[in-house]
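Engineer: Can you keep this structure in mind? I'll have questions shortly.
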Amino acid sequence: MKTRPTRIFAAIALTLALAACQKLGIGAAADSAPTLAVGDATSGEITSSSRLNYNDGSRHQGYRMTLKNGEAVALELGGALNGQLAVFDGQNMIASASASYEGEGDDSAGAVGLAFRAPKDGTYLIAVNSASSSSFGPFKLKTATVVPYDGKPLGADSRITDWLVGTDKQEYKLTVAKAGLYTVTMESSAFDSYLRLNGRNVEVEDDDNGGQLNARIRAYLEPGDYTIAASSLNGSTGSFKLGVAMTATDQGLITRDGTALTVGQTAQSMMDSRGRRTFILNLDSARHIQFDAIADGFDSVLHVTGPGVDAEDDDGGNGTNARLSLPLGPGRYTVAVTGFGNQQGVFELETTDLGSDVTTPANSNRKDAATEAAAAAADAAAAVEVD
């Protein structure tokens, strides 16, 4: 996974840049900085004439903000600038955040979000810092009041901002009123998020499925009470956002193991808390069967076992979808669909009878059917030309 080295590099760069701010003398910079009130938005530009950080050549622009003890503020930095945010109380930095990138060699800037709570009454310096000595460009800075979590149970479409104040996990109650596919996300620019979800025979955890170092859990939940545990994988603390979203599912969604498959039909299903779902296929005569696991947002894996058969496939279908084409004799077979790395989500399992023709059915695995048909036609044409 490429995100960890990238985040580590960004963290090192941020530490050096912010150390440079402190080296410059943040108190003097705050005295001459423009004032910014909570709820205001402003724009600016980091240029070669912006304040210089002497140890690495990067530049910064500061803003003064007067806050009350315990007041919570959200900052959002956007624009073309490859930048970073930091909040100083006198000479001490109390919060910081930098942009993170999924790919390598990507020169585009990423948005930076930061939420913090004032530890006392006073004036704070909000610093917009360039990521390096060669980073310049316009930026937009937005500020907003954050309403801290009120302690009430979470439900579908809930979204809160809270602070991880220690290395231990913080627990939140989730009340599910309607069965469906629930997505729980934990996002933070301050630490590596880690999520656990427990309750009603569900026990699942996640680290980085939310992108960057954010956590995301997708699970089918029945009505009832659950517990969400939020923590930091690297032992850091800071602000984070916790969200719960629900997607309604079809009445025919399969949520239990052991469901019988019917050849020629498609079964829509949902992974269990282990990232797995199993089906049963009974054949009364020999057939050539093709299985396609078409997944929603995750890498599917197929495993078929039965009389004389033990076969597995990961990416034999379209993209990261799994496909197995097997000559099967009469008997009972177990078909297991799993998510690579225990990923979860909704998927469709197609079971097709190929008969004596072992070519791919025209309607199988959807997206790649047209491509494969075109390739077959091209091969046939090439063969005619050769003759």
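The values are calculated or read from the model by the stated rules, or taken from the named source; none is laboratory data. Computed from a predicted structure; not experimentally measured. Positions of Cβ are generated from backbone atoms using ideal geometry, with glycine treated the same way; all protein chains shown enter the neighbour counts. When the accessible area is computed, the model is the full protein with side chains, heavy atoms only, and any ligands, DNA or RNA have been set aside. Shrake-Rupley method; radii C 1.70, N 1.55, O 1.52, S 1.80 Å.
Engineer: Looking at residue 299, is it open to solvent by 20 Å² or more (accessible area, probe 1.4 Å), more than 24 Å from the chain's Cα centre (by Cα) and closer than 28 Å to residue 211 by Cβ?
Structural biologist: no
Engineer: Further, regarding this structure: Return yes when residue 346 is open to solvent by less than 60 Å² (accessible area, probe 1.4 Å), within 30 Å of residue 217 (Cα to Cα), at pLDDT 95 or above and in contact with a strand residue (DSSP E or B) (Cβ under 7 Å, 6 or more places away or on another chain) and no when it is not. Spell out the reasoning first.
Structural biologist: Working: open to solvent by less than 60 Å² (accessible area, probe 1.4 Å): yes; within 30 Å of residue 217 (Cα to Cα): yes; at pLDDT 95 or above: no; in contact with a strand residue (DSSP E or B) (Cβ under 7 Å, 6 or more places away or on another chain): yes.
Criteria not met by residue 346.
Engineer: Continuing with this model, one more query. Within the range 275-291, count every residue that is open to solvent by less than 10 Å² (accessible area, probe 1.4 Å) and at pLDDT 95 or above.
Structural biologist: Taking the range 275-291 and keeping what is open to solvent by less than 10 Å² (accessible area, probe 1.4 Å), we get 275, 279, 281, 289-291.
With at pLDDT 95 or above added as a condition, the list becomes 279, 281, 289-291.
Final tally of qualifying residues: 5.
Engineer: Could you go through the range 321-337 and let me know if any residue there is open to solvent by 10 Å² or more (accessible area, probe 1.4 Å), among the aromatic types (Phe, Trp, Tyr) and touching a residue at least 24 places away in the same chain (Cβ under 8 Å).
Structural biologist: No - not one qualifying residue is present in the range 321-337.
Engineer: While we're on this one: Quick one: how many residues across the range 72-102 are modelled with pLDDT of 85 or more and of a type outside the set (A, V, I, L, M)?
Structural biologist: The total comes to 9.
Conditions (1) closer than 22 Å to residue 75 by Cβ; (2) in contact with a Leu (Cβ under 7 Å, 6 or more places away or on another chain); (3) acidic (Asp, Glu), marked per residue:
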position	(1), (2), (3)
197	no, no, no
204	no, yes, no
208	no, no, yes
219	no, yes, no
222	no, no, yes
226	no, yes, no
230	yes, yes, no
236	yes, no, no
240	yes, yes, no
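Engineer: Any residue in the range 305-314 that is open to solvent by 20 Å² or more (accessible area, probe 1.4 Å), more than 23 Å from residue 217 (Cβ to Cβ), among the β-branched types (Val, Ile, Thr) and free of Cβ contacts under 8 Å to residues at least 24 places away in the same chain?
Structural biologist: no
Engineer: List the pairs whose first member sits in the range 49-62 and is among the basic types (Lys, Arg), whose second member is part of a loop (DSSP other than H, G, I, E, B) and open to solvent by less than 50 Å² (accessible area, probe 1.4 Å), and whose Cβ atoms are under 6 Å apart, counting only residues at least 6 apart or on separate chains?
Structural biologist: Listed by first residue and then by second, the contacts come to 59/50.
Engineer: Considering only the range 186-231, state which residues are β-branched (Val, Ile, Thr) and open to solvent by less than 30 Å² (accessible area, probe 1.4 Å).
Structural biologist: Those that are β-branched (Val, Ile, Thr) and open to solvent by less than 30 Å² (accessible area, probe 1.4 Å): 202, 204, 217, 228.
Engineer: Same structure, new question: Among the residues of the range 157-171, are any open to solvent by 30 Å² or more (accessible area, probe 1.4 Å), free of Cβ contacts under 8 Å to residues at least 60 places away in the same chain and not in a strand (DSSP E or B)?
Structural biologist: No.
Engineer: At least 2 residues that are surrounded by fewer than 15 Cβ atoms within 10 Å (Cβ to Cβ) in each: list the strands (runs of 3 or more DSSP E) lying fully within the range 32-80 that qualify.
Structural biologist: Where strands (runs of 3 or more DSSP E) fall fully within the range 32-80 and carry at least 2 residues being surrounded by fewer than 15 Cβ atoms within 10 Å (Cβ to Cβ), they are 41-46.
Engineer: When the residues of the range 232-257 are filtered to those that are within 16 Å of the chain's Cα centre (by Cα) and small (Gly, Ala, Ser), which remaining residue is most open to solvent (accessible area, probe 1.4 Å)?
Structural biologist: Checking each candidate, the answer is 245.
Engineer: Is the range 145-154 home to any residue that is under 30 Å from residue 49 (Cβ atoms) and either modelled with pLDDT of 90 or more or surrounded by fewer than 19 Cβ atoms within 10 Å (Cβ to Cβ) (or both)?
Structural biologist: no
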